[in-house]
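Asker: Structure below; questions to follow.
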Amino acid sequence: MKQITAFLAAAVLLTASIQLLPCCNLTVTAEEAEFTEEKNKDFSYRIYSDHIKIMNIEKSGGDIVIPAEIDGVPVTDWDEDAKIPGFYAFSLTIDEENPNFEIVNDALICKTSKVMILYVGKSDGYNANNGKWLENYKIPDGVRVIGKSAFRNASFIHSLTIPDTVEALKLGSLQGTSLEAVTIPPSVTEIADAALNTN
């Protein structure tokens, strides 16, 4: 009897202490959710329950389109460390049915992860070799990460403005430009290798 009474008392105390603990709502982010990894001729990607995240471009050149979906699953996200091919004979465009990517001020952007994937502007007469430059190119507001090799084919860009929404300059992100100086806002907490290597 004493053992049962002691057991019940302990159970009551345990229940009371549990009720006193602050309640917290745990949420699972996409990064913590289960996924499978796949690859096709253009991309390697992660498939989550309701979306796909592009992890890398696998094709080394040619025309590549970011699709609206793969096997019926919408393509919504872009990994901030995704690599961009070094080949100059390369174009990256968006399927017009995909609402998660856009081009703003000649910057191809993933709206979900706020990654600037690639500068897609043309030289339009600007040429670093003949002294003609594109001055003060402005990275669009809202961009959080300037992705790997985002400016790999923009040697005519002589100066640019980085908004204070940017937190990271990824590997070789500004490599390929002809910047003489650039102001890094205090919001930037990561500058990867070769991010500031310019022509």
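The values are calculated or read from the model by the stated rules, or taken from the named source; none is laboratory data. The shown structure was predicted, so the numbers you read here are calculated from the model rather than taken from an experiment. Cβ: placed from backbone, ideal geometry, glycine included. Neighbour counts: every protein chain shown. Calculation scope for accessible area: heavy atoms of the full protein, side chains included, ligands and nucleic acids excluded. Shrake-Rupley method; radii C 1.70, N 1.55, O 1.52, S 1.80 Å.
Asker: Can you say whether Asp81 is assigned to a loop (DSSP other than H, G, I, E, B), in contact (Cβ under 8 Å) with a residue 12 or more places away in the chain and under 13 Å from the mean Cα position of the chain (by Cα), as far as the supplied structure shows?
Answerer: Yes.
Asker: Going by the conditions given, is Phe151 closer than 17 Å to Glu80 by Cα and among the hydrophobic types (A, V, I, L, M, F, W, C)?
Answerer: Yes: the conditions hold for Phe151.
Asker: Looking at the stretch 87-105, is at least one residue assigned to a loop (DSSP other than H, G, I, E, B), of a type in the set (Phe, Trp, Tyr), within 24 Å of Asp63 (Cβ to Cβ) and open to solvent by less than 70 Å² (accessible area, probe 1.4 Å)? Step through it out loud before you land on a result.
Answerer: In the first step, residues of the stretch 87-105 are kept if they are assigned to a loop (DSSP other than H, G, I, E, B); the result is 87-89, 95-100, 105.
Cutting the leftovers down to of a type in the set (Phe, Trp, Tyr) gives us 87-88.
Those still in the list that are within 24 Å of Asp63 (Cβ to Cβ) too: 87-88.
The next check asks that each one be open to solvent by less than 70 Å² (accessible area, probe 1.4 Å); those that pass are none.
No: the stretch 87-105 contains no residue that is assigned to a loop (DSSP other than H, G, I, E, B), of a type in the set (Phe, Trp, Tyr), within 24 Å of Asp63 (Cβ to Cβ) and open to solvent by less than 70 Å² (accessible area, probe 1.4 Å).
Asker: Does any residue of the stretch 164-180 turn out to be over 30 Å from Val73 (Cα atoms), assigned to a loop (DSSP other than H, G, I, E, B), of a type in the set (D, E, K, R) and at pLDDT 95 or above?
Answerer: Yes, some residue in the stretch 164-180 is over 30 Å from Val73 (Cα atoms), assigned to a loop (DSSP other than H, G, I, E, B), of a type in the set (D, E, K, R) and at pLDDT 95 or above.
Asker: Quick check on my filter: what residues within the stretch 125-183 are of a type in the set (Phe, Trp, Tyr) and within 16 Å of the chain's Cα centre (by Cα)?
Answerer: Within the stretch 125-183, Phe151 is the sole residue that qualifies.
Asker: State all residues of the stretch 163-199 that are crowded, with 19+ Cβ neighbours inside 10 Å and in contact with a Pro (Cβ under 7 Å, 6 or more places away or on another chain); if no residue qualifies, say none.
Answerer: Val166
Asker: Quick one: how many residues across the stretch 106-132 are open to solvent by 80 Å² or more (accessible area, probe 1.4 Å) and outside any strand (DSSP E or B)? First the steps, then the outcome.
Answerer: Of all residues in the stretch 106-132, those open to solvent by 80 Å² or more (accessible area, probe 1.4 Å) come to 111, 114, 122, 124, 126, 129-130, 132.
After this cut, where a residue has to be outside any strand (DSSP E or B) as well, the list is 111, 114, 122, 124, 126, 129-130.
Matching residues across the stretch 106-132 total 7.
Asker: Of the residues Lys39, Lys53, only one is among the basic types (Lys, Arg), surrounded by fewer than 16 Cβ atoms within 10 Å (Cβ to Cβ) and at negative phi; which?
Answerer: Lys39
Asker: Just to be sure I understand the filter: pairs with C-beta atoms under 9 Å, separated by 6 or more residues or on different chains, first member in the stretch 88-113 and among the charged types (D, E, K, R), second member in a loop (DSSP other than H, G, I, E, B) and open to solvent by 50 Å² or more (accessible area, probe 1.4 Å). Which pairs pass?
Answerer: So the pair list comes out as Glu102/Lys111; Asp106/Lys122; Lys111/Pro99.
Asker: Looking at the stretch 59-79, which of its residues are modelled with pLDDT under 95 and either hydrophobic (A, V, I, L, M, F, W, C) or crowded, with 17+ Cβ neighbours inside 10 Å (or both)?
Answerer: Ile64
Asker: For the stretch 20-34, state whether one or more residues are surrounded by 14 or more Cβ atoms within 10 Å (Cβ to Cβ), outside any helix (DSSP H, G or I), under 17 Å from the mean Cα position of the chain (by Cα) and at pLDDT 65 or above. Full working, then the answer.
Answerer: Going through the stretch 20-34, the residues surrounded by 14 or more Cβ atoms within 10 Å (Cβ to Cβ) turn out to be 30.
Among the residues that remain, those that are also outside any helix (DSSP H, G or I) are: 30.
With under 17 Å from the mean Cα position of the chain (by Cα) added as a condition, the list becomes 30.
If we keep only those that are at pLDDT 65 or above too, we end up with none.
Scanning the stretch 20-34, I find no residue that is surrounded by 14 or more Cβ atoms within 10 Å (Cβ to Cβ), outside any helix (DSSP H, G or I), under 17 Å from the mean Cα position of the chain (by Cα) and at pLDDT 65 or above, so the answer is no.
Asker: On to the next question. Can you tell me which residue is surrounded by the most Cβ atoms within 10 Å (Cβ to Cβ) among those in the stretch 145-162 that are modelled with pLDDT of 90 or more and out of contact with any Ser or Thr (no Cβ under 6 Å at 6 or more places or on another chain)?
Answerer: That would be Gly147.
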